[in-house]
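Presented below is the structure to which this report refers.
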Amino acid sequence: MLDLALAIAHHLLVFALFGILFAELISVRPGMDREAVARIAAIDICYGVLAGLIIVVGFSRAIFAAKGWTYYSHNAFFWAKLGTFAAVGVLSVPPTLDYIRWRRANIAPSAVQVRVVRRYLWVEVALFALLPAFAAAMARGYGEMG
Ligand code: HEM
């Protein structure tokens, strides 16, 4: 039952995080005004909260749910997934700092600033797409390290 509850929570959180990432990609565009900056800064806080919850629920699954920590800690796809998730997290820092800066200065970003942030967001989306693939592989025992 715990396994099922954690699995459901994990999926919902992951979909929500991807939705927010995509919402940022759609909202950060040339010509965005100060209201859009305020909106995106608020959305970005949800991004951080969801990422934190995914870590908590993800590790709870890895440690307390059906297969146990030994299964995952010896799986290359598990570590690839964690590393990729961490990389997405690191890549989300510069956009977050930009949103905060724009909101504090009460300005609309220039076309160049928007282009830079969008580049970060696209790389995040691309890396994010690897996560379900790694997850599916690890869940099925691929990548066992003995
Ligand atoms: C946004 C990031 C993440 C995405 C997109 C993601 C995606 C997924 C998906 C799609 C599954 C289901 C795999 C399947 O049953 O075929 C899964 C399972 C799982 N995930 Fe994540 N995950 C993420 C983050 C994490 C993190 C940070 C952890 C931390 C340890 C984690 C731990 C797990 C565990 C333990 C399972 C269970 C696999 C099994 O059934 O054996 N996930 N994940």
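The numbers here are math on the coordinates, done by the rules we state, and not lab data. Remember, it's a predicted structure, so these values are computed and weren't measured experimentally. Neighbour counts run over all protein chains shown; Cβ positions are idealised from the backbone, glycine included.
Listed conditions (1) under 23 Å from residue 136 (Cα atoms); (2) more than 16 Å from the ligand (Cβ to nearest atom) are all met by residue 2, apart from (2). Taking the condition under 20 Å from residue 134 (Cβ atoms), touching a residue at least 12 places away in the same chain (Cβ under 8 Å) and near the ligand (Cβ under 10 Å from one of its atoms), does residue 18 pass? In short, yes.
Selection of first residues in the range 33-47 that are more than 11 Å from residue 20 (Cα to Cα) and of second residues that are of a type in the set (Val, Ile, Thr) and part of a helix (DSSP H, G or I), restricted to Cβ pairs under 8 Å at least 6 apart or on distinct chains, gives the following pairs, ordered by first then second residue: 41/100. The set of residues from the range 91-146 being surrounded by fewer than 15 Cβ atoms within 10 Å (Cβ to Cβ), aromatic (Phe, Trp, Tyr) and in a helix (DSSP H, G or I) comprises just one member, 122. The residues on offer are 23, 9, and the sole one that is under 26 Å from residue 111 (Cβ atoms) and of a type in the set (Gly, Ala, Ser) is 23. Any idea which of 85, 78 is within 17 Å of the chain's Cα centre (by Cα), in contact (Cβ under 8 Å) with a residue 60 or more places away in the chain and part of a helix (DSSP H, G or I)? Sole residue among the options that is within 17 Å of the chain's Cα centre (by Cα), in contact (Cβ under 8 Å) with a residue 60 or more places away in the chain and part of a helix (DSSP H, G or I): 78.
Going through the range 59-68 one residue at a time, which ones are loosely packed, with under 13 Cβ neighbours inside 10 Å and either free of Cβ contacts under 8 Å to residues at least 40 places away in the same chain or outside any helix (DSSP H, G or I) (or both)? Walk me through how you get there before you give the answer.
Filtering the range 59-68 down to residues loosely packed, with under 13 Cβ neighbours inside 10 Å leaves 63-64, 66, 68.
Within the range 59-68, 63, 66, 68 meet the criteria.
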